[in-house]
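Quick notes on the structure that follows.
The values are calculated or read from the model by the stated rules, or taken from the named source; none is laboratory data. Because the structure is a prediction, the values reported are computed rather than measured. FYI the Cβ positions are ideal-geometry reconstructions off the backbone, even for glycines, and counts take in every protein chain you see. We work out accessible area using only protein heavy atoms, side chains counted, and drop any ligands, DNA or RNA first. Shrake-Rupley method; radii C 1.70, N 1.55, O 1.52, S 1.80 Å.
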Amino acid sequence: MIRLYNPQGEAFWIPLSEWRTGVLPAGLKSAWDNPPELYNLILGGLEDDLAGDLEEASARLAAIDPIAERGATIRGIVLMKLGRLDEAEAALRAGMARAGETGALLTNLAKVQFERGDQTLAADTLWRGVQADPNLENGLLWWLSIQEERGGDEAWREGLRVAAQLSGAWRPQLWLARACLDDGKLADAMALYRQALSAPDLTPDALTMVSGDLGQRGHAAEALEIVSPLYDPASGDIATGLNLLQCCEALGRGQQGAALVEQLLRLDLPPLRGDLEAYSLTFARMAGQ
């Protein structure tokens, strides 16, 4: 079943078969000349394990996408899912010819090599991908898992320390900070967070991870202190906003929480309306007390 929402924010479900034969083809046709929309539809289809329905659309995206890395990567993934490994490699290398050896393209090339059974070559290619982009989460975590298999938890942490030294790295610092929190070293974690959050190319999930890790481990005040100044509700980063609302609730900060709820309500996102209205009542009660 696929969950959708009506304009009133009410969820309803349709069978995957209906989505596959009716909604998805119509959506792909409508987005045929719109690379961002086409990409999002293909990505959603991959999450629903519908690679077989996306082959033509992925070829179209690779041909028209002005972001060569994006179009080539999604084309390579679709072909890989279909078991067409030689074509997947060709698509990824064509992307490299246009965009260079980016982290995403190298990581997916490593997946193709791994599927062929060449684990040594895959590991070498993956490391090149991490060097090209140490902040690409799936590449970094895959490379770290290889280190862990070779030498356990200490090798995993040493891998993080190595990756954190790469040019432009900020995501390895977030994972090192999480490890510090688990070890009870809050000051060390906060230093790593401040270093990472000063990077100019942060993605929204960085703020989500920081606010979630601190909040879940009993450091709600620190989460609000370090994340709130950087968070822009208008960016559409809902996950971080919800984390911050939980921190406000935990600390009894009704005024701060109510102000954030109002900002998020202005986004008019039907799936969140119920949660935000519940928070609004919670913070109103706090104000009354």
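Things worth noting here:
- Selection count where residues are assigned to a loop (DSSP other than H, G, I, E, B) and either open to solvent by 20 Å² or more (accessible area, probe 1.4 Å) or in contact (Cβ under 8 Å) with a residue 40 or more places away in the chain (or both), scope the range 98-148: 9
- Pairs meeting the criteria (first residue in the range 179-198 and within 12 Å of ALA164 (Cβ to Cβ), second residue polar (S, T, N, Q), beta carbons under 7 Å, at least 6 apart or on different chains) are LEU192/GLN173; GLN195/GLN173; ALA196/GLN173.
For every residue, the table says whether it meets (1) more than 20 Å from LEU140 (Cα to Cα); (2) touching a Cys at 6+ places or on another chain (Cβ under 8 Å); (3) at pLDDT 95 or above; (4) open to solvent by less than 50 Å² (accessible area, probe 1.4 Å).
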{"position": "TRP175", "(1), (2), (3), (4)": "no, no, yes, yes"}
{"position": "ARG194", "(1), (2), (3), (4)": "yes, no, yes, no"}
{"position": "THR203", "(1), (2), (3), (4)": "no, no, no, no"}
{"position": "ALA223", "(1), (2), (3), (4)": "yes, yes, yes, yes"}
{"position": "SER235", "(1), (2), (3), (4)": "yes, no, no, no"}
{"position": "ILE238", "(1), (2), (3), (4)": "yes, no, no, yes"}
{"position": "GLY254", "(1), (2), (3), (4)": "yes, yes, no, yes"}
{"position": "ALA259", "(1), (2), (3), (4)": "yes, no, no, no"}
{"position": "GLN263", "(1), (2), (3), (4)": "yes, no, no, no"}
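- Residue match in the range 112-120 (condition: in contact with a Gly (Cβ under 9 Å, 6 or more places away or on another chain), at pLDDT 95 or above and of a type in the set (A, V, I, L, M)): yes
- Subset of the range 1-12 (residues that are exposed (fewer than 13 other Cβ atoms within 10 Å of the Cβ) and either out of contact with any strand residue (DSSP E or B) (no Cβ under 9 Å at 6 or more places or on another chain) or at pLDDT 85 or above (or both)): PRO7, GLN8, GLU10
- Some residue of the range 160-168 being within 27 Å of GLU89 (Cβ to Cβ), basic (Lys, Arg) and surrounded by fewer than 20 Cβ atoms within 10 Å (Cβ to Cβ): no
- The residues listed here are ARG84, ARG20, ARG60, ARG93; of these, the one that is within 22 Å of ALA123 (Cβ to Cβ) and either modelled with pLDDT under 95 or open to solvent by 60 Å² or more (accessible area, probe 1.4 Å) (or both) is ARG93.
- If you go through the range 34-57 and keep only what is in a helix (DSSP H, G or I), aliphatic (A, V, I, L, M) and open to solvent by less than 20 Å² (accessible area, probe 1.4 Å), you end up with LEU38, ILE42, ALA51, ALA57.
- Check on LEU106, within 20 Å of the chain's Cα centre (by Cα) and closer than 22 Å to GLN119 by Cα: yes
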